[in-house]
Structures are given as structure tokens and as C-alpha cells.
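First the structure, in the form of C-alpha cells, and then the observations on it.
The values are calculated or read from the model by the stated rules, or taken from the named source; none is laboratory data. Bear in mind that the values here come from a model prediction, so they are computed numbers and not experimental data. Because the Cβ atoms are built from the backbone with ideal geometry, glycine has one as well, and the counts that use them run over all protein chains shown. Side chains included, ligands, DNA and RNA excluded: accessible areas come from the protein's heavy atoms. Shrake-Rupley method; radii C 1.70, N 1.55, O 1.52, S 1.80 Å.
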Amino acid sequence: MPHRFLLLAAVLLAMVAGAAAHLLFQAELAARLLFLLAALPVAALVARDTIRTLLGGALGVDVVALVAIAAAAAMDESFTASLIALMVAGGGALEEFAEARARRELTALVSRTPRIAHRHEGADIVDVEVAAIAAGDLLLVKPGEILPVDGVIADTAAVLDESALTGEPLPITRAVGDIARSGTVNAGGPIALRANASAEASTYAAVVRLVQSAEGERPPMVRLADQWALWFLPATLATAGAAWALAGSAERALAVLVVATPCPLILAAPVALVCGVSRAARLGVIVKGGGALERLARVRTALFDKTGTLTTGTPRITGVEPLDGFTADEVLRLAGSLEQVSQHVVAVAIVAAARAAKLDLSVPDAVVEVPGGGLSGNVGGRAVTVGSAGLLEEAGFALPTDSAAARLATAAASVSWVAIGGKVAGALLLADRIRPETPRALRELRAAGVTRIVMVTGDRAASAAAVAATLGLDAVHADLTPEGKIEAVRGERPCLMIGDGINDAPALAAADVGVAMGARGAAAAAEAADVVLLVDRIDRIAGAIAAAKRARAIAIESMAIGMGLSALAMAAAAAGYLPPVWGAILQEGIDVAVILNALRALRGPTPSAMPAAAGVPRVLEDHGGLRVLMERMRRAADRIGSDEPVTVEDLRAIGDDMTTLLLPHQVAEERDTFPILARRLGGHDPLGAMTRMHEEITHLATRFNAILDAMDTTIAPAEARELRRLLYVLDAVIALHLAAEEELLAQAEEAG
């Protein structure tokens, strides 16, 4: 049990024993000694803290409690002294409990650092402590494991997820002989790693040291209560001295000191702040103590990492740009066929796009992983290579420089080039989708008082600028190293920094408030941060800021009320109307009032899931299917009237999916989801616009199918124009509808 709780227990035990001696046995001397025994340990602790505060160049408000205890003991007011001690011990125990509770929640998060490695020793593989690894050791790194030390890929190429270190969402392939850094994840099969450094000398340890260095530069927080001591302490001593001088009564001076004992200052701030911490925890946000909560309440600038924070961190195909002599379907089908044998995240995205387009994929053969990040092999007797620009150039392919595909590839967040039959056939454009809750989160941050929102990322400038423009950010800093992120943070104070990777940890430590995505982020980030999001949603940070501001305001309000009542009690005590014991009892009443007021910081809406009857999981699952349908609709619309014409059968397949997926989805929403959603949102017809969009989508889909029903196997020019228009309009309206619906579902959760 922490020592402050032991101290509180000792004070209570001594006071109970003293009360028993006085009431039951009339042993007055024993009672006085027991009351003094209750007060003396607290007085000693306060004296120690006061001396430390004075040596640090500050003046703590606790000195009033020390003077009051000493004066009460000197004047044989032992019970009064024990009451003061009880208030001080209770405040300290509560403050310690708040800090311990906030940090205990994080224990499960700090688990990323590898502790065991698999080392080759002759013909055996032996598990050893990471600290025992030396340069030259040959290690086995299993799929999904974190590389424990820096090393060289020894036998086969490795697919590594380096997003925790670089912020880049796309895993890369390291060839035999390439350097691999500790802290990255083996995203492929088992690999052999030849250590070239010990754990202490590796990348991950260097990042941790950088975190510690940056964290040491944060200016120390001064307790809010101590700021009030600058005027309250002199006023108290002056009032007590005046009462003694004018009335000639030391008892009046003691009474003034007793009622001036700053328990409202000692208790109000910790209670309000721990309530704020608890309130934030209900939102899935762990704040590491009252000091972090105070800083959170004062931030005016928010800095965000991009990958995995503002965006999902999962790439998807946004376009297929074929070169002359090839079609988009041909490029995507052959690339998807080849990528079926890979577990690379880009390969998964390519295969998913090909299947969504309902292309017939073939089984590839003679597949090899090409050093540098890609695959090559044969698909249906044709040589196919898929990978980065560097990969194709090293393989002897000349990439286009002045074509539309080249320009689009330059502007894309990421690109995979495809070569077929010895020629560059086209480019697959990829992007990392913005999180659905990101726009709402940024709006709520501005509503919570954040006036400037900035992106700091290690990703490419073009990719970062596109995301920043979409979200309306105030500034963007791209191509940053961890050190560069620290410099960006230093120029934006007071600020909070939100990130999820190891590369973000130094910046989190350097910020006034570091916020880690603990639900999916790195342990180093969670360790360096002041605030950890336990849910994978950045919109909760605005609620935490609101809780912090409310808690800080209530703390100040409670202290002001307590000090105001104490000032009135001081005046009464100085005038002789309030003896010391009754003053102590009155002060206890003031403390209770202050604590009850501080407990208001617990109040506030808590997000709650929609009832099961609303069918929200089904709705969101349908949204995924509808987005796949929209991809097919856009591709079909692009092909109508082009050199790669779409068939009537393809269009009818899209129309059938509208009939079997889109329209039943809308009917189910109107029947199950919208009535519950409307009740939670409140107001007059809050879903009128959503219902109107349903009607428009139904009208457009019905017209699309009606045109197809009247057609034979050919598409006339007028029909082609109308079908293309309907597909583009449906794509736009459905996209807007899905985004608006997901926004309303989130609002309903907050309203619940």
C-alpha cells in the first residue's frame, strides 16, 4: 500500500483511539497524546515537503497547515491539530491514488519491446534474452515478430513493416544483404537476421534514449494550488497576527490559522482533476495524472501524425492507368493474379481490387520475389512484374516520363508499376484512406478550443499535402525524421501531439501533451505519451480536452469557493466568534462542500453503442460491400464509350447488385436503424435529408435498371450517355450518403 495511504490509516487509527480514550475512559492525557500522535507524522511530512519546496525556489501553500498544526500543538489544542492532520493526509492519499490509478491502466499497453530472441547455436535454435545478443549472432525472426536488434538479412528476402519507425504505411521488401532495423515487424515468412549490433546499440534503443532526452526538456508543472499561496499565505499570517495583536488572544490567532488551513486548496484540485481523469477514461482515454490533465486543458495547437492516425494505415487501389496497347482490366487482372501468392499489404490491396472488379484471376507460376519490393512470374504464359519504380528500372524497364499515367503516378500517394511481356503496361495507384471519424474529430477539436491543426509526418510531401488539403489543416510538415518532428513540436507551443508509431515517440515526449494511439500503436509511443487512446478513434481526444477544461475550471471554482468561505470564517475567528475546535469543524464542513462541488467534474455524456435492434454492425458491413460496388460502377462508367467498352452483361450485373444489396440495405435502414437513430439525435425529423437521399438513390437505380431492361446486346450512343451519367451520379450520391450516415451514427453514439 502506498505510504500516503498508510499515513492516512495511521492518522485515523490514532484519532479513533484518542476519541475512545476521551469518551469511554475519560483518560484526557492519553487522549491528548494520541491526538498529537495523529498530527505529528503529518506535520513531519509537510515540513519535509515545505523545505524541499523552499529549496526549489518556491513557496508551498501547505506551510499554512504546518503552522496551524504546530500552533495547535503548542496551545494544547491536540484534537484541532489532529483534525488538520486528517485533512492534509486525506488530500495526499487522494492525490497519490489518482496518479497510481491513471498509470496502472497503461501496463498492458507497454509490451512491444521484444525480450526474447531465437538464436542459431550450431544445429539448434535457442531462445535467449535480447540483452544477450551480440554482433555476429545469427537469429531467427518468426512471422509477426519484431526484429530485436539491427542486422543484415541473411538468407531470403524479408517483407518488413517499418511503419512504426518511418510512418510509411506500405511494407517493403529487404533483399539478402540489406540492413534491417530493430523495431520493425516481420510481415512475411521466417527470416534469418545476422545481428550487426547489440540491443543497446540498435535503432530501437536509440529512439528510446531520444524520448528520454526530449522528455527531460519539458518544463516542470507547478501545482495550481501553489499559485494561490503567493497571496493566501501572507493574508492568513497577517490576519492571525492582527487578531493576536488587537485582541491580545493567541487563541484567536490559532482559530484564524485553523479555519485558514488550506484544505480547499489541498483537496479541491486533486479531487476535480482525478474526476477529470476518470471522465476521460470513460471515453476510452487514459490521462497519466492530474498534471497531464492540466496541460491538456491549456493546449491551443494539435499536431497529428498522418499514417495510422489521420488515415487508416491500410492502402487501397484508387486507379488503374494502362499505357498504350493495354487495357485497365488486363493490367489489373494480371497483376492481381501474380500478387495472389504474396501476403504483402500492397499485394492484398491489388488482389482485392481485382476481385471487386470480378476479374478472372489465374494461378501464376515461376514466381520469385524481386529484391527491392515486388514480384515477377508467369501468368497464363505471359511474363509479369509488379513493383516499385526502382524495381522495374533495375530490371531494365524504361518507365514513361511524359504520359498521363506518369503524371498521375507522381501525384499519387503510392504506386505499383506493372510490366507485361517485357513492356511497361501501366500503373496501379494506391492511397491510404482517411479515417471516417477524422473530419468530425478535427471539427470537435476546434470546438473544444484548438485553434491550429498541423500534420507532421515522415511520408512523402505530395501524399501529405493531399490529405492536408482534404481535411483543411492549417499547416503540413512532410518528409520528417523523428528529430524533425521534435523541431516541429517545439515551434508550436502550447500543443498536443498525436501519433501511433515508434517514430512518433520522441515528438510525443517533447510536446506539452503527447497522445498515443494505444489501441494499435507502439509501446514506445504509449510510454512517452501523457495521454493514451485505448480505442482506435481519434475523435475521443476532443472529449478528453473538454473533460480536462471542465475539471480545471471546477478545480479553480472549488478553490475560489473554499477560499471565500475560509476568508469569512477567518474574519469571524479574528473577531472572536469562532473558537479553534469549532473552526476546525467548520473547516471540515467547507471541505465537504468543496469536494462535493469538485465531484461535478465526473458529469458529462458518455458514448454508448446503439441498441442491437438498430443493426449497426450489419449497416457498416453493408457499407463495405457498397464501396466495392461503387468501385465497379466507376470503372464501368469510365469504360462506356472508351476503347475498352463495357458489355451489357457487365452493366446488368451491376444493376442486379443494386437490386440485391443497395435497395434492401436502404429498406432495412428505414425500418430498423433510422427510427432509433432519430430518437437518439432528437429534434424535428433529424433524418429527413437521409431519407430524401434514399429516395433519390432508389429513383436513379430504378432508372438505370429500366434502361437496361429495354436494351438488347448493344448500347446506343444516347443510352451510353445516360447510363454513364447515372453511374457517376449514383457513385457521388451513395458516397455522400455513406459518409453522412456514418457521421450521424457517431453523433448518436455521443448523444447516447
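Shape of the stretch 678-752 from its Cα gyration tensor (a ≥ b ≥ c, root eigenvalues): rounded if a/c is under 1.5, otherwise prolate when a/b > b/c, or oblate? Taking the square roots of the gyration eigenvalues as a ≥ b ≥ c, the stretch 678-752 is prolate.
Entry for the chain at q = 0.12 Å⁻¹: log10 I(q)/I(0) = -1.33, Debye formula applied to identical alpha-carbon scatterers, no solvent contribution. The accessible surface of the stretch 578-703, taken with every protein chain in place and a 1.4 Å probe, is 62 percent carbon and sulfur.
Among the protein heavy atoms, those of Thr647 account for about 60 Å² of accessible surface (1.4 Å probe, every chain in place). Counting only protein heavy atoms and a 1.4 Å probe, the chain has 42 square angstrom of accessible area per residue.
Filter the chymotrypsin sites (Phe, Trp or Tyr not before Pro) in the stretch 5-88 to those in DSSP coil with at most 10 other Cβ atoms within 10 Å of their Cβ, and list the result.
Numbers: sites: Phe5, Phe25, Phe35, Phe79; in loops: Phe25.
Hits after loop and neighbour filter: Phe25.
For the stretch 307-372, with all protein chains in place and a probe radius of 1.4 Å, 51% of the accessible heavy-atom surface sits on carbon or sulfur. Measuring with a 1.4 angstrom probe and ignoring ligands and nucleic acids, Thr659 comes out at about 70 Å² accessible.
What are the DSSP H helices in the chain that stretch 27 Å or more along their long axis, judged by alpha-carbon atoms, and whose average Kyte-Doolittle hydropathy comes to at least 0.5? Both cut-offs are met by 3-23, 28-55, 224-247, 263-282, 540-574.
Quick one: net charge around Ser642, please, counting Lys, Arg +1 and Asp, Glu -1 for every other residue with C-beta under 14 Å from its C-beta.
Cβ neighbours under 14 Å give a net charge of -3.
Quick one: net charge around Pro579, please, counting Lys, Arg +1 and Asp, Glu -1 for every other residue with C-beta under 14 Å from its C-beta. Write down the numbers at each step before the final one.
Values: positive: Arg252; negative: Asp76, Glu77, Glu251.
After counting each charged neighbour, the total is -2.
Where does each of 395-403, 300-308 land if you order them by average Cβ count within 10 Å, highest first?
On the way: 395-403: 12.3, 300-308: 25.4.
Final packing ranking: 300-308, 395-403.
Pairs of Lys residues in the chain that lie 8 or more places apart, or on two chains, and have C-alpha atoms under 28 angstrom apart add up to 7. Comparing Leu480, Asn378, Met711 along the charge dipole axis of the chain, the residue lying farthest to the positive side is Leu480, per the Cβ-charge model.
Take the alpha carbon gyration tensor of the stretch 339-446, find the square roots of its eigenvalues, order them as a ≥ b ≥ c, and report rounded if a/c is under 1.5; if not, report prolate when a/b exceeds b/c, else oblate. Mind showing how you got there, number by number?
Numbers: a/c = 2.38, a/b = 1.63, b/c = 1.47.
In terms of gyration-tensor shape, prolate.
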